[in-house]
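What follows is a single structure, written as structure tokens, with notes after it.
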Amino acid sequence: MAKVLLEGTNLIKTQALGVDFYDATLSGACIEAWNIDSTTKLEGVNCTHIYLKYGGKERRPHSGEYAPREFTKLFQETLDTIDIIFNNGLDWKAFIIALDKVQVENEGTQLSVKSVEQKEDGLFVVRVNVPPDADKVKLNDGLKRIHDEIKSFKEQRKDEIKELKESMSEMLASRPNEHIYGDKIMGDKHMHQETNKNYNFNAPFTNFVDNIEGNQNNFFSQQPQTLAEAAQEIQQLLKQLEVVNAPTTVEEKQAVVNQVIEKIYENPTLKSRVFGALKAAGTEAFKEAVDHPLVNILVATIEGWRES
């Protein structure tokens, strides 16, 4: 095959799908917006430097020259990655959950984060390594969709907590000498009864709100659930989903746990019971109450969600 001299050539928007550049010279070429994929062969390319923008702008490397095969290695690797663009900010914990979930949904497709870059105006680009034969469009859409759903859910919860704090502030202002007793507002004369837990409006407000956010006590529940009852519900969910999914690998087990957590968050009553039991009894007691091998993964994942 004769050598192809493309030195200093303008390759802007060139459609190079399926093109074999073996022994071609690309030094000084401009490759702005050129289109290459896994069928493009860059092995054997001779290149000391290139430009990413027209007019000799965005030189790569910024100084010096590419070592032999360095251009091939750098640009061939980009063919095995996808770039997920987040215009409205990146929630890193939400993205990690999305990464795990997408791998499970795509039959264990191995994905890993290659780089994270922050652009202007809060735009983030996450580059993810993917197998050469992967459906990149499907993976890209799945990662972005799940991330955005989790991020939106968390923001919604923040708004709900903010509204709750504001409403409680108004209540504090209107009833400064009263206390919440069970599911009723009671006066000072009831504060020393020891048969029920009381919330003192005169106590530090941050502590009072922490009780709300931690779901230790649900104001609107007239029949609080015990640790055993909460554990039994979770145990049943784990067993049901385990039968359906039959997990064997770590990824499959995590997928079952993620489904349980989704069901917890979909059911405010169940969520209150579980979080209340965890805070009141502690994680170790909860683990002992749930007779299932996946309980350790479940509790660790719940703690991660609560922290996020």
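What follows draws every value from the coordinates through simple rules; no lab data is involved. It should be emphasised that the depicted structure is a prediction, and the values quoted were computed from it without experimental measurement. Methodologically, a virtual Cβ is constructed for each residue, glycine included, from the backbone with ideal geometry; neighbour enumeration extends over all protein chains shown.
Highest mean first, the peptides 8-17, 147-156, 41-50 sorted by other C-beta atoms within 10 Å per residue fall in the order 41-50, 147-156, 8-17. Can you give the net charge of the other residues whose Cβ lies under 15 Å from the Cβ of residue 39, counting K and R as +1 and D and E as -1? Local charge sum for residue 39: -3. Of the peptides 118-127, 93-102, the order by per-residue mean of other Cβ atoms within 10 Å, starting with the highest, comes out as 93-102, 118-127. Starting from the Cα of residue 271, draw a straight line to each of the aspartates and glutamates and keep only those under 12 Å, dropping any in the same chain fewer than 8 residues away. Straight-distance partners of residue 271: 213, 233, 262.
Computing Rg and the Kirkwood Rh from the Cα coordinates of the stretch 241-308 gives a ratio, Rg/Rh, of 0.95. Computed from label points 7 Å out along Cα-Cβ, the spacing between residue 291 and residue 113 is 4.0 nm. Over the stretch 1-105, Cα pairs under 8 Å with separation of 6+ residues give a relative contact order of 20 percent. As a test, work out the antiparallel percent of DSSP beta bridges whose residues both lie in the stretch 1-61, rounded to the nearest 5. Around 30 percent of the beta bridges assigned by DSSP in the stretch 1-61 are antiparallel ones.
Neighbours of residue 125 by Cβ distance under 9 Å: Lys/Arg scored +1, Asp/Glu scored -1, total 0. With Cα atoms defining each centre, the stretch 140-154 and the stretch 79-93 are spaced 11 Å apart in the structure.
Positive-end ranking of 30, 47, 102 along the dipole of the stretch 1-102, with charges on Cβ about the Cα centre, is headed by 30. With Cα atoms defining each centre, the stretch 108-124 and the stretch 19-55 are spaced 24 Å apart in the structure.
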